[in-house]
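A quick write-up on the structure given underneath.
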Amino acid sequence: MPPTRHPSKNTAHEAPHTGDPAKLPGDDRAHDEPSPAALKSAFAQFTSGVTVVLGRHEGALFGMTISAFTTVSLHPPLVLVCVGRSASQHDALVAADTLGISILAQTQHAEAARLAGPGDRFTELRHVAGAKRGVPLLEDALAWLEVDVAERRAVGDHTILLLAVRAASTRDGMPLLYGQRRFGRFEVLL
Ligand SMILES: Cc1cc2nc3c(=O)[nH]c(=O)nc-3n(C[C@H](O)[C@H](O)[C@H](O)COP(=O)(O)O)c2cc1C
């Protein structure tokens with residue numbers, strides 16, 4: 001059942017003005033914003049594919065597992081990813097001019113976890129250089145995109161990177177999925 005809405009509390013202009021100069025009228029965070037726990041639970045129900053976004057700076061790899069990947073446009077070819085501003089890899093990803101996006105196959109759950117985890121992410125990581133931009137791409141992925149960073153936009157606690165796709169390739173296989181905070185498989189129903 002969807003959560004009950006409280007019409008009297010839903011519009012910004014109805015927020016009471018507290019007189020606190022730090023809290024502007026219309027800034028209804030205090031009483032109207034869902035808790036982080038409620039948000040995380042709801043967001044966890046959205047199941048998606050999994051990507052690993054990698055770059056290279058002065059010879060060293062950087063990057064991480066990202067599920068906030070969205071196709072945006074075919075003409076011109078654009079995708080976006082959202083990178084948490086508190087992520088250790090944020091600054092390197094945002095500073096990059098070119099990146100490699102690997103769309104993971106279902107066999108790659110260990111790599112997805114490794115590239116999100118606290119341990120060493122990059123030693124002996126099985127990757128190849130993309131033919132067009134030379135960006136790092138994971139071996140055994142299902143699809144690969146070589147991208148140029150077209151736009152960077154700080155939004156809330158994330159930065160959205162709008163990415164122009166310069167090369168795309170695919171192999172046969174099944175995708176890795178992530179939902180309800182777990183990795184899983186794609187099952188065809190129709
Ligand atoms: C399946 C999966 C998807 C993720 N998707 C994103 C994402 O879209 N954006 C993001 O900023 N972090 C995402 N993360 C978290 C990062 O990969 C990483 O775990 C996080 O930045 C913590 O790493 P750090 O301690 O090096 O900062 C995801 C993690 C997992 C396991």
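The table for this structure:
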{"item": "In the stretch 154-190, the residues that are assigned to a strand (DSSP E or B), in contact (Cβ under 8 Å) with a residue 60 or more places away in the chain and within 20 Å of ALA110 (Cα to Cα)", "result": "PRO175, LEU176, LEU177, TYR178, GLY179, PHE183, GLY184, ARG185"}
{"item": "Number of positions in the stretch 17-56 that are surrounded by fewer than 10 Cβ atoms within 10 Å (Cβ to Cβ) and at pLDDT below 90", "result": "6"}
{"item": "Search result, residues across the stretch 34-64 that are more than 12 Å from the ligand (Cβ to nearest atom) and part of a loop (DSSP other than H, G, I, E, B)", "result": "PRO34, SER35, GLN45, GLU58, GLY59"}
{"item": "Qualifying residue in the stretch 78-90 (condition: more than 10 Å from the ligand (Cβ to nearest atom) and of a type outside the set (A, V, I, L, M))", "result": "no"}
{"item": "Number of positions in the stretch 96-118 that are of a type in the set (D, E, K, R) and within 13 Å of the ligand (Cβ to nearest atom)", "result": "2"}
{"item": "Given (1) free of Cβ contacts under 8 Å to residues at least 24 places away in the same chain; (2) under 15 Å from PRO175 (Cβ atoms), number of the condition SER73 does not satisfy", "result": "(2)"}
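The values are calculated or read from the model by the stated rules, or taken from the named source; none is laboratory data. These numbers come from a predicted model, not from an experiment. All Cβ positions, glycine included, derive from the backbone under ideal geometry; neighbour counts span all protein chains shown.
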